[in-house]
1. What shape does the range 151-238 have by the C-alpha gyration tensor, where a ≥ b ≥ c are the square roots of the eigenvalues, rounded means a/c under 1.5, and otherwise prolate means a/b greater than b/c and oblate the rest?
2. So for the pair ALA743, SER7, with labels modelled 7 Å out along Cα→Cβ, what separation do we get in nm?
3. In nm, give the distance between the simple-model label positions of LYS543 and ALA90, each being 7 Å from the Cα along the Cα-to-Cβ direction.
4. What is the set of long-range amide H partners of ALA423 at a cut-off below 5 Å, with H atoms built 1.01 Å from backbone N?
5. Which cross-chain or sequence-distant (5 or more) residues have an amide H under 5 Å from the amide H of ASP145, H modelled 1.01 Å from N in plane?
6. Taking the solvent-accessible surface of protein heavy atoms with a 1.4 Å probe, what is the per residue accessible area of the chain in Å²?
7. Just to make sure I understand: if all protein chains stay in place, what is the order of LYS113, LYS841, LYS824 by accessible area at 1.4 Å, largest first?
8. Under 4.7 Å Cβ to Cβ, no partner at all: give me those cysteines from the chain, in residue order.
Amino acid sequence: MISAWASVPVGIPRELAEERAAAVSDLRYEITFDLTQRKDSAPGTETLRFKLSKDGPLLLDFRGDNPRDLIINRQPVAVVAENGHIILPASALHIGDNMLSLKFDAPVGPSGKAITRFEDKEDGAEYFYTLFVPMDASAAFPCFDQPDLKGRFTLSVTSLANDSIISNAPKAWDGRASRSSTTGFRETEPISTYLFAFAAGPFRPVHHVFGLPDVYVRRSQQSRAEAEIPAVQQITADGIKFFSSYFGQPFPFHKYDMLLIPGFPFGGMEHAGATFLNEDSVLFRSAPTDDDRFGRMTLCLHELAHQWFGDLTTMKWFDDLWLKEGFAQYMAYRALAELKPEQNVWAHFYQQIKPAAYGIDVTAGTTPIYQNIANLKDAKSAYGAIVYSKAPALLKQLSYLIGDNHFRDGLRLYLADHLYGNAQWGDLVYSFERASGQDLKPWASAWITRRGMPEIRTQWECDGNGKLANLTLTQKNVLDEKGTWPLATQVLLGYDNTAAIRLRATLNGQTAVVSEAAGKACPAYIFANDEDNAYGLFVLDDKSREYIRRHIGQVSDVFERTLLWGALWDSVRAAEMSPADYLEATLRELPKETNETLVRSLGARSAVALHDYLSETAQQNWAPKFEDLAVAKMADSPDKGLRILWFRTLLSLATTEASLKPIEKLLEGELKIPDVELRSLDRWRMVSVLLALKAPEAESLYATESKRDSSGIGPKYAYVAGAAKPDAATKQHYFDDYMNNAARQEDWVQASLGDFNAWSASALTAPYLKPSLEALPRVKQERKIFFTLAWLNAFIGGQHSAESDRLVHNWLASAQIDADLKLKVLQVVDDLDRTVKIRAKFAQ
Ligand SMILES: [Zn+2]
């Protein structure tokens, strides 16, 4: 309906979506695409059937090219297109059944187009794929591009004769001509436009076994894929069994395929019945560790969980994006906790999920997990850690609060009420209330609609008889805004030689006395978020922090040790503990640590402390100790995964000239890591580090490696590593390329941002800080959903000085940019604020 619109709006405002959802129903799309022209557009045809309950006119969304030959209810109608919409005139429509048909062209290109074209440099084959989330379906074909107007799609695609074509539904028929072939698909179940997808090219199924989902890979990668795919199929098959039973709903679509896409802009996309996965997330380009395989399982299960959460039951509008992302993320871990109980799943969850959420939620740029999206064109901004990390963390808290069984029953009710339909967060809370018999509205309104999080501190005293006299939890709002959060947590009383005591505590206001604690033996330390059920910044009291810093090596439980290391690091980030103290404890304990995930995170935090937080003198003093440790452990760790991790840790913390020798030797084959075959990406990472740190041979090693890597992906890695060259001309060249080279693939740019902004190059990259901020409106408009944050993290994260920090804040104060972009800058600059604060306090 456009009756209420003075002019045709840009994008899809919420009001337009609401009007259309109220008037349009029973949507059926019949669409054809012809990819045989292999140029920058694909001709398409469409027949659209729908019911109208109100008189027109009506806006159909389309941002592609040349809409033509429009026929509405058997009458030819002139195409009137404006601001990304085709106006369907009232005179041509009527209440009841309507049918229209038209022709159009879908733009095709290597990046930034409705259909992405990828050329495989290894065999010259061409691949095409779509990625429409959140509202790019209308960039490819005319549609009502909003999640709550679900349609049934019948697709046919014509491509070259040897191509496979994969889409949401099973194949219905094949037609062959001399040089081309056409594949027709069965009609889909009702799905949202952002979940409709297809891909074409010489994809081949690998390890095809009846009863297991098919995984398609491009022809040139078949042999590389043989060894990796069975694990992916097995976890997916196990996941389908688990989710079907946990959700009380069978798999909701007719089949489930996975397709590995090279250069895919994120880990995966859960198209109904046909998940697209980033090829590099499945077929590892560097020697893999158990941690990497764990990450791959969570990726597969995340996309699989979406088939129920997101695809079967879909959020009504993208302001509830967290409904699907929070659940997919949480359910991936929930499933793994059942399927792989030996894997410390919740310690992984804490390490992978929590830091990103806390990192954003303590900043002035944070948002509630429910994010008001006035227009779908701004939906990209909803993507980020609040949705992917805070939301799953809250679901873990909710499950702890109401109990696992009530949680599961609530989900079953929610899905059963909205099969193939749409829902909002209120529907979900209502389901949990029915299942648990609890009033959850206060909980929901605090956690879902309000931004920020609590900082929780612990006060406790022991009496003269060695007993705990009292224990109190107090919360404050980290943002100094109004409001507290209801939460339930498990408090750990830790002791020197006896077993820990664990107490459940609830906090429904500012302060809670944990009365059960009184009279227990006086503990050596207290940690108030044991097992990580609650969400908040749990600050160690001084006595506990001191004890943990000295004795953390004695904590034998991996999960607990992981949480305590995290709490110490939180103290560093809050400038309450010196980075040198953290490094000292790490250097003492790390040599004994055998848990891969902990080795990885301790190594990464040490690199941040070394490169961002220390004075140059302290850096030169501390770095060799860590470098030497890494070189030694890379050689003599008992476990292969640990040796690989230590190799990566060496690369991330390399600082001094002395550390470059072993890296050069590894690259030249004079030094080997026992039983580890380094892969192309490992080699290129070494080249990057050597370039960034000005190793004398770096330029010639770069040239040698460029010749040596003859794989199709070699040029991409050479481009990425080249960004690390520490000279002004290179930085200028790359920045110009980012801004002005439309043919440059987006994944190349994104992958090179970190090398461009290497920690050691901050003086060279500082001149690009302001231009990178000024580019934000363009970046938001032209790039895929995760790019903006990657851009900001790289350019702001590459700086460590008070001047740079001031530059960002001054720029923000006067910038005329969208509110969502301002928030993103505030989210990212918080880290730099902290770096400046920590350096001022400890790096003098
Ligand atoms: Zn997802």
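1. Since a/c reaches 1.5 but b/c is at least a/b, the shape of the range 151-238 is classed as oblate.
2. 3.7
3. 7.7
4. So ALA423 has HN proximity to THR314, MET315, LYS316.
5. Excluding prolines and chain starts, which carry no amide H, the hits are ASP61.
6. On a per-residue basis, 37 Å².
7. LYS841, LYS113, LYS824
8. Within the chain, the cysteines lacking a partner Cβ under 4.7 Å are CYS143, CYS300.
The values are calculated or read from the model by the stated rules, or taken from the named source; none is laboratory data. Everything numeric here is computed off the predicted structure, so don't read it as measured data. Reconstructed Cβ throughout: ideal geometry from the backbone, glycine too, with neighbour counts over all protein chains shown. The protein model used for the area step is the full one, side chains on, heavy atoms only, and it has no ligands, DNA or RNA in it. Shrake-Rupley method; radii C 1.70, N 1.55, O 1.52, S 1.80 Å.
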